[in-house]
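Take a look at the structure below.
Values in this text are rule-based calculations from the coordinates and carry no lab data. As the structure is a prediction and not an experimental result, all values here were calculated from the model. Reconstructed Cβ throughout: ideal geometry from the backbone, glycine too, with neighbour counts over all protein chains shown.
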Amino acid sequence: MITFIINYHGEPVSAVEVRVAKLKEFYGADVRVFILGDGVAYQGPSESMAFPCMKLPENGGAWTHRYLKFFLEHSSAPYLIKIDPDTQVLAQANDLPDTDCVFCRVREVLHGRILFRFPAGGALGFTRGMAETLVAGEYFLQDRYKSDVRYGNYNDLMLRDIVQRNGLNMVDRPDFCCGGRPLHTVASFYHK
C-alpha cells in the first residue's frame, strides 16, 4: 500500500486532477492521495489541506519535514511517494524496497573529479521507516539548510546531503524518470 502526496503551489487544478486520476487508474480508486497546499488552498475535488507557505529559502527543508510528518500522522501505509504537480504518472511502480530507504531516480553529475549523486525530485519515495528516521532526527529543520545559499529551497539537494552525512540509504529507481527522455520503455513517473 502506498500513500501519495502532491505538494501544491497554485498549479492549474485540471493538471493536478489528471495526476490524481492517473494514480487511481494504476493503484485503484481507494488509493490515498493527499494534496498539500503550500501557502495556497487547493480548490479541486480531491482530498487536500492548506498550510502556510514553507518552500522559502529561510525555511530550509521545513516543507519536506512537513509532508513526511503529515504522512506519518495521516497514513499507516508502508510507503510514501511524493510527486510534483507536473510529474506524469505513466505506470504503477512495482518492486518497492523492503529495507528502509529513500527511493527515487538518482542522477549522477561529474564535477571535476568528484561524482555527485543526488535525487531527481519529480517523484521521491520513502519507506515508512526512513520517513520516521528523517522526522525524528529533524534533519530538514537544521540551521545549515536555512543559512547556506547553496541549498536555497532545493530540498532535493538537502536530501542528498542528509543521506550522505548520516549514512542513510538511497536506492536508484530508473523508472522514476526526470528530465530528458524516460530511460526505459515503461516509466512509472516522468518529470519534465
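Compute a Gaussian network model of the chain, connecting alpha carbons closer than 10 Å, and tell me which residue from HIS65, HIS74, HIS111 fluctuates the most. Result for the chain, Cα springs under 10 Å: HIS111 fluctuates most.
Between GLY125, GLY37, GLY137, the GNM of the chain built on Cα springs shorter than 10 angstrom shows GLY137 fluctuating the most.
Antiparallel beta bridges, as assigned by DSSP with both residues in the stretch 2-191, represent about 45 percent of the total such bridges.
Quick one: how many lysine pairs in the chain have C-alpha atoms under 17 angstrom apart, if they're 8 or more apart or on different chains?
Going through the chain pair by pair, I get 8.
The 3J(HN,Hα) values that the Karplus relation (6.51, -1.76, 1.60; θ = phi - 60°) gives for the stretch 87-100 are, in residue order, 7, 7, 9, 10, 6, 7, 7, 10, 6, 6, x, 10, 10, 4 Hz. Gly and Pro appear as x. Within the listed set ASP38, ASP172, ASP98, the Gaussian network model of the chain (springs between alpha-carbon atoms below 10 Å) gives the highest mean-square fluctuation for ASP98.
Based on DSSP H segments of at least four residues, each scored -39500 (n - 2.57), the chain has a per-residue ellipticity at 222 nm of -8000 deg cm²/dmol.
The length gained by stretching the chain between ASP30 and GLU132 to full extension, at 0.36 nm per residue less their Cα-Cα distance, is 34.3 nm.
Can you tell which of GLN92, ASN59, HIS111 lies farthest toward the positive end of the dipole of the chain, using +1 and -1 charges on the Cβ of basic and acidic side chains (Lys, Arg; Asp, Glu)? So the residue we want is HIS111.
Per-residue 3J(HN,Hα) values for the stretch 28-35, derived from phi via the Karplus relation 6.51 cos²θ - 1.76 cosθ + 1.60 with θ = phi - 60°, read x, 5, 8, 4, 7, 10, 10, 10 Hz in sequence order (x marks Gly and Pro).
Under the 0.36 nm per residue contour assumption, what length would be gained going from the current alpha-carbon distance of THR99 and VAL171 to full extension? Let's see the in-between values first.
Working: separation 72, 0.36 × 72 = 25.92 nm, distance 0.99 nm.
So the chain would gain 24.9 nm between THR99 and VAL171.
Normalised by the number of residues in the chain, the mean separation of alpha-carbon contacts (under 8 Å, six or more apart) gives a relative contact order of 24 percent. The modelled label-to-label distance between LYS146 and ASP86, using points 7 Å beyond Cα along the C-beta direction, is 3.0 nm. Using C-alpha pairs below 8 Å separated by at least 6 residues, the relative contact order for the stretch 52-160 is 41 percent.
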